[in-house]
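Participant: Sending over a structure as C-alpha cells; questions will come in a sec.
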Amino acid sequence: MEIILKANIEKLGAKDEVVVVRPGYARNYLIPRGYAIAATESAKKVLAENLKQRAHKETKILAEAQGIAEKLGALDLKIGTKASETGKIFGSVNTIQISEALNAAGYNIDRKSISLSDEHIKTLGAYEAKVKLHKEVTAIVKFEVVAE
C-alpha cells in the first residue's frame, strides 16, 4: 500500500515522502495516529504542488544554514564552571550549557540539535560539538571549558 508520510518515521522515511508499506501497518498504525495518509491520485497532486512551493523556500533556508555554519565554525566559546585545582569539574558540561553559551553569543540553537562526542564533559579543556542546523548542514563548534 502506498502512503504519504506526514511525520519523520525512523527506519521508514521522511515527512512528505511516498513509501510502500504493508496494508495492515498503514491502516492500523500509521493512518489512525496521523503519521500518514493514503497516497491517492489527488493526494499525490497536492503533495507535488506543496513540494514545488517548498523547494524555493528550502534553498533559501539551506543557504542561511550554511552561512550560520561558517560563523559558528569561527566562533570561540568559553564555558565557565566551578572546578577543583586538579581540573576536575563539579558536575559536568552538557548540551544545555553549550546551548546557553550559543544563545548568549547571539545564535538561537536548540540543545537537541547539539551533540557531543563525549556524553558529559567532566574536565577542563578544549572540546568540539556538532550542531545540526539543517538536514544537510552540520557545523563544528569549538569551545573551551574554563574554571570560574
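Bear in mind that the values in this text are calculations on the coordinates, not laboratory data. Predicted, not measured: the structure shown is a model, and the values here were computed from it. Here Cβ is always computed from backbone atoms with ideal geometry, including for glycine, and neighbour counts include all displayed protein chains.
Participant: Radius of gyration and Dmax for the range 66-147's Cα atoms, expressed in Å?
Facilitator: Just the Cα atoms of the range 66-147 yield Rg and Dmax of 12.5, 42 Å.
Participant: Work through the residues other than A63 whose Cβ is under 12 Å from its Cβ and net out their charges, Lys, Arg +1 and Asp, Glu -1.
Facilitator: -2
Participant: Summing Lys, Arg as +1 and Asp, Glu as -1, what charge do residues with Cβ under 14 Å from the Cβ of A129 carry, A129 excluded?
Facilitator: For residues surrounding A129, the net value is -1.
Participant: For the chain, give the magnitude of the charge dipole about the Cα centre (Cβ charges: +1 Lys/Arg, -1 Asp/Glu; no others), in debye to the nearest 20.
Facilitator: With Lys and Arg at +1 and Asp and Glu at -1, about 580 debye.
Participant: Among [x] 11.2; [y] 13.5; [z] 8.8, which one is mean projected area of the Cα convex hull in nm² computed from these coordinates?
Facilitator: [x]
Participant: Top mean-square fluctuation among G80, G106, G34, Gaussian network model of the chain, C-alpha springs under 10 Å?
Facilitator: Looking only at G80, G106, G34, the largest GNM fluctuation is found for G34.
Participant: Using only helices, what value at 222 nm comes out for the chain when you add -39,500 (n - 2.57) per DSSP H run of length 4 or more and divide by the total residues, to the nearest 500 deg cm²/dmol?
Facilitator: Values: 2 runs with 44 residues, N = 148.
For the chain, the value works out to -10500 deg cm²/dmol.
Participant: Only Cα pairs within less than 10 Å get springs; with that Gaussian network setup on the chain, which residue of V93, V18, V131 has the largest fluctuation?
Facilitator: V18
Participant: I want the local charge near D16. Using Cβ-Cβ distances under 15 Å, sum +1 for each Lys or Arg and -1 for each Asp or Glu among the other residues. List each step's numbers first, then the result.
Facilitator: Working: positive: K6, K15, K44, K45, K52, R54, K57, K135; negative: E2, E17, E49, E58.
Cβ neighbours under 15 Å give a net charge of +4.
Participant: Is the C-alpha gyration tensor of the range 4-89 telling us rounded, prolate or oblate? Criteria: a/c under 1.5 is rounded; beyond that, a/b larger than b/c is prolate, otherwise oblate.
Facilitator: Since a/c reaches 1.5 but b/c is at least a/b, the shape of the range 4-89 is classed as oblate.
Participant: Follow-up question, since we're still on this one. Please find, in a Gaussian network model of the chain (springs between Cα atoms separated by less than 10 Å), the residue of G125, G24, G73 whose mean-square fluctuation is greatest.
Facilitator: With Cα springs under 10 Å in the chain, the top fluctuation among G125, G24, G73 is at G24.
Participant: A further question on this structure: Tell me, how many Å apart are the Cα centres for the range 16-72 and for the range 130-148?
Facilitator: 28
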